[in-house]
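Asker: Structure in structure tokens, see below.
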Amino acid sequence: MNLVLLGPPGAGKGTQAKLLEDSRSLVKLSTGDMLRAAVAAGTELGRKAGDIMERGELVPDDLVIKLIAERIDAKGGVKGFILDGFPRTIAQAEALDRLLKERHKRLDRVIVMEVDDDALVERIAGRFACADCGEGYHDLYKMPKVPGVCDRCGGTQFVRRRDDNEAVVRSRLKAYHAQTEPLIDYYTRQGKVRAVDGMADIATVQEEIDQALESAGA
Ligand code: AP5
């Protein structure tokens, strides 16, 4: 099964992608995580992407498509992929259709996570992650069970993202509405869209996604 999680910044795509990875043995492919890794490693891609990401704009399609194609090929034998943060433009969605077809794979479901814009700024401002394993947390909604210790790996260092401030979040939201939201129509025409209420708590959203995947026969 291959699926796309689609939604604005802070909708909970990364949170749910991790849960799905654990519960369904699928591989999570997050272009945001890949690009941040490239920036941290100082690669050529990272140098091209870093300033764009800090402004909250989208990285050029050709760079992101190349990145995702390489990753899909590197993980060829897996049960399926959860695409988190990709595609984000119509050109990326068309490229994904082509590259899956060429590899005799298909996209089964597109889960659209619906969240109010106002809630997103609060969610993003409270977000932090384990520096070692990347497990995500939130100051209000998901704190580590033992304060200061990661639930997943026991790490004690935590980090916050550079693009998680209000001005950049507004710019990321603008990019979402202008360039990514049209994908909902694109995938509705393919009969693949299921919407979930991303305003519910994390466990409830997870249940809704599970139901949406069962109805795909997945
Ligand atoms: P990316 O890393 O993809 O960021 P994003 O789409 O802006 O999404 P986020 O990671 O901010 O949010 P999320 O939906 O994963 O929410 P999360 O689960 O963390 O992209 C970053 C940048 O990279 C882009 O701006 C762009 O420049 C570039 N880029 C990436 N992909 C690209 C592409 N394909 N093309 C071009 N450029 C690209 O949740 C947020 C917080 O809320 C967490 O703290 C979490 O614990 C909490 N939370 C989650 N769910 C709930 C809930 N149900 N209730 C309460 N709290 C919740």
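Asker: Mind checking which pairs have a first residue in the range 193-207 that is within 8 Å of the ligand (Cβ to nearest atom) and a second that is in a loop (DSSP other than H, G, I, E, B) and β-branched (Val, Ile, Thr), Cβ under 6 Å, 6 or more apart or different chains?
Answerer: Partner pairs satisfying both residue conditions: 198/115; 199/115.
Asker: Something else: Give the range 111-120 a look and list any residue that's open to solvent by less than 20 Å² (accessible area, probe 1.4 Å) and more than 11 Å from the ligand (Cβ to nearest atom), or say none.
Answerer: Selection gives 111, 112.
Asker: Of everything in the range 94-120, what is assigned to a loop (DSSP other than H, G, I, E, B) and aliphatic (A, V, I, L, M)? Give them in sequence order.
Answerer: Answer for the range 94-120, where residues must be assigned to a loop (DSSP other than H, G, I, E, B) and aliphatic (A, V, I, L, M): 107, 115.
Asker: Using the structure shown, decide if residue 71 is open to solvent by 30 Å² or more (accessible area, probe 1.4 Å), near the ligand (Cβ under 7 Å from one of its atoms) and under 18 Å from the mean Cα position of the chain (by Cα).
Answerer: Here the answer is no, as residue 71 does not meet what is asked.
Asker: Would you kindly identify the strands (runs of 3 or more DSSP E) lying entirely within the range 121-218 that contain at least 1 residues that are of a type in the set (Val, Ile, Thr) and open to solvent by less than 40 Å² (accessible area, probe 1.4 Å)?
Answerer: Result: 193-197.
Asker: Can you find a residue in the range 101-110 that is on the phi > 0 side of the Ramachandran plot, of a type outside the set (Lys, Arg), more than 7 Å from the ligand (Cβ to nearest atom) and free of Cβ contacts under 8 Å to residues at least 40 places away in the same chain?
Answerer: yes
Asker: Same structure, new question: Would you call residue 98 at pLDDT below 95, basic (Lys, Arg) and out of contact with any Phe, Trp or Tyr (no Cβ under 9 Å at 6 or more places or on another chain)?
Answerer: On the way: at pLDDT below 95: no; basic (Lys, Arg): yes; out of contact with any Phe, Trp or Tyr (no Cβ under 9 Å at 6 or more places or on another chain): yes.
Taking the combined requirement at face value, the residue does not satisfy it.
Asker: Scan the range 20-45 and report the pairs whose first residue is of a type in the set (Asp, Glu) and whose second residue is part of a strand (DSSP E or B), with Cβ atoms within less than 7 Å and a gap of 6+ or a chain change.
Answerer: Short answer, once both residue conditions are applied: 21/27; 21/28; 21/82.
Asker: Which ones in the range 129-170 are more than 8 Å from the ligand (Cβ to nearest atom) and among the hydroxyl-bearing types (Ser, Thr, Tyr)?
Answerer: Listed by number, the list holds a single entry, 156.
Asker: Within the range 74-88, work out how many residues are open to solvent by 20 Å² or more (accessible area, probe 1.4 Å) and either within 11 Å of the ligand (Cβ to nearest atom) or modelled with pLDDT of 95 or more (or both).
Answerer: Counting residues in the range 74-88 that are open to solvent by 20 Å² or more (accessible area, probe 1.4 Å) and either within 11 Å of the ligand (Cβ to nearest atom) or modelled with pLDDT of 95 or more (or both) gives 1.
Asker: Which members of the range 1-23 meet the condition of being open to solvent by less than 20 Å² (accessible area, probe 1.4 Å) and not in a loop (DSSP other than H, G, I, E, B)?
Answerer: 3, 4, 5, 6, 16, 17, 20
Asker: Of the residues 49, 91, which single one is modelled with pLDDT of 95 or more, within 8 Å of the ligand (Cβ to nearest atom), among the small types (Gly, Ala, Ser) and outside any strand (DSSP E or B)? If you could, list the steps in order and put the result at the bottom.
Answerer: Numbers: 91 fails: within 8 Å of the ligand (Cβ to nearest atom).
Residue meeting the stated conditions: 49.
The values are calculated or read from the model by the stated rules, or taken from the named source; none is laboratory data. All of these numbers come straight from a predicted model, not from anything done at the bench. Don't worry about glycine lacking a Cβ; one is built from the backbone with ideal geometry, like all the others, and counts go over all protein chains shown. With ligands, DNA and RNA removed, areas are computed over all heavy atoms of the protein, side chains included. Shrake-Rupley method; radii C 1.70, N 1.55, O 1.52, S 1.80 Å.
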